[in-house]
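Reading through the structure tokens given below for one structure.
A short reminder: the numbers here are calculations on the coordinates, not readings from a lab. These numbers come from a predicted model, not from an experiment. Every residue, glycine among them, receives a Cβ derived from its backbone with ideal geometry; neighbour counts consider all protein chains shown.
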Amino acid sequence: MIKNEVSKTLHNIFRLILQMEKNANLTPNNTTSLYDYQETDINTLFSKLENTTQNYRLLYQLPTGGGKTRIFSEIANRYIQVYRHNVIVLTHRVELCNQTSATLKKLGIRNKMINSAVKTLSNKDGCNCYVAMVETLKNRIKDGLIDPNHIGLVIIDEAHHNSFQKLLGKFKNARIIGVTATPFSSDINLPMRKNYDELIVGESISTLIEKGFLAKPTTWRYDVELNSLKTGLQGDFTVSTSDELYSSPAMLELLLHAYEAHSKNKKTLIFNNGIFTSKNVCKLFTEAGYPVRHLDNHTPSAERLEILKWLKKTKGAILTSVSILTTGFDEPTIQSIILNRATTSLTLYHQMIGRGSRKLPQKKTFSITDLGNNTDRFGDWSTAIDWNQVFEHPEAYYEAMHSQSALEAHNIPSDLRSKFPNSLQLSFDVQKAHQDAIENNLKSKIVIRDSIRQHALMCIENSNNIPDALALADELDKEINWRVKQYTKCLGKVTKNYIEWVQTDYKSKLKILVQKLMQRKEMQRIAG
């Protein structure tokens, strides 16, 4: 009881000192200054720490750009000052380790990074705070280098990563704070509520924009045909199918058009799903005469540093990347974000866009160009999300998201998609077209007419002569049969004979229209 009273007294004294510093008109650049919302959240979190039992697990949510590292570094600082117990900060990437260690040092907190080079620890170091990656710490605990029972507070950065969960049970006497912008696990079998007792929600993106802490986005959305994409074991779209789609001539042309329409001369990050695509993007912009570099997780460290320095100093620079700039990267001068990929990961969606949200005196807005229907899948980046609802009922949220993804696709085989590289739109929503026809008092057969026209356009877009175009029409045989079946479902009960007749008639009319359009195209070419 006496120990708790002493701790609370020390904490109150510490808060009084911070208030005196705040009243002294400290500038935002001063390393001890905090924004009002940051101080409010710190006080809330610290109060929870004081009034909960050991091994209580708090989860804290704050948008990318809100200053999560600054907040949990201050939590570590206060905890050490009040309780004199050791603190350990866990991250999952080297870049985050370095960033966290630097922030702690700015606050005057002596800390030591536990990496592969650290084989021993000495009391002479005088450190109360350690920064480590998960696997490294796991090995050091196994080797007896660190006793987890002597750790009072564990802070987990990017806590939505499931790799951290294996270590939480090691710290029997510690309180735990997980920090994330998106308290939602991509693995529905490992929901965050199983590992954390309570969620504390910070300011929303829209509030941070309104108060001037984040830049205001303008979003440009393009309707992209994603039917050729397939999902992998982790639930996101595979690299191979993404590379095939986003390296196609049609998508590269769309990307260049979108950049020139909305991002030209702006410092731009382009996010891709595959290295093959990113290198093709780099070639595309190089040939177009724009300053561009490529970066991926295989780029050597020295070259990566050189590229990032180039990005910082080059006006209108374009950096096309894969799997490298979503965390542990902060370049406030970024003015434009292009999502040249689709993802089913809410966390990745927020991380990618968050790279452009930093605000500067001369930068109050930034642009988002979505070439993966991600905005349709998740909503606008700044749209409010009820994180408490997501935390308590992740299954419902997961189901809603994946139902939306499922609506996107009747899966057109990738080998068929590759035969139409110059066509952006390969699918046709038969049921919607039928509903539109009914609402506009039109005959149902207009649906088949419009479908035939779209297929004919695909054939002539990807051919130079009539025989080639007719050969492509033959390639659409299975797709035509599927569309006709969808159409006859809309009509109700129809005979099999009628379905077969519509399919045959469709294919005949398609070939007639293809020949007519190709002849017109040839005449225009000769006349031109």
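For the reader, a short list of remarks on this structure follows.
- Helix 477-491 and the long axis of the chain differ in direction by around 90°, with both axes built from C-alpha atoms.
- Its alpha carbons give the chain an Rg and a Dmax of 28.1, 97 Å.
- Compactness of the stretch 335-394 as Cα Rg over 2.2 N^0.38 Å, two decimals: 1.24
- Nonlocal amide H pairs with Ile318, under 5 Å, H built at 1.01 Å: Thr268, Val292, Arg293
- Simple spin-label estimate for Asn98 and Lys309 in nanometres, 7 Å along Cα-Cβ: 1.2 nm
- Here the simple spin-label model places points 7 Å from the Cα toward Cβ, and for Leu457 and Gln54 these points are separated by 6.9 nm.
- Acute angle (nearest 10 degrees) that the helix 94-106 long axis makes with the longest principal axis of the chain, alpha-carbon atoms: 40 degrees
- For Thr369, the amide hydrogen comes within under 5 Å of the amide hydrogens of Trp220, Ile337, Ile338, Leu339, counting only partners 5 or more places away or on other chains and with H modelled in the peptide plane.
- Pairwise alpha-carbon distances in the stretch 428-527 exceed 22 Å for 34% of all pairs.
- Dipole magnitude (debye, nearest 20) for the chain, charges at Cβ of Lys, Arg, Asp, Glu: 920 debye
- In the stretch 126-185, the trypsin sites (Lys or Arg not before Pro) that fall in loop regions by DSSP, at most 11 other Cβ within 10 Å: Lys172
- Considering only Cα atoms, the convex hull volume of the stretch 90-204 works out to 123 Å³ per residue.
- Applying a DSSP loop filter and a limit of 11 other Cβ atoms within 10 Å to the trypsin sites (Lys or Arg not before Pro) in the stretch 284-318 leaves Lys315.
- When peptides 335-344, 413-422 are sorted by average Cβ neighbour count within 10 Å, with the highest value leading, the order is 335-344, 413-422.
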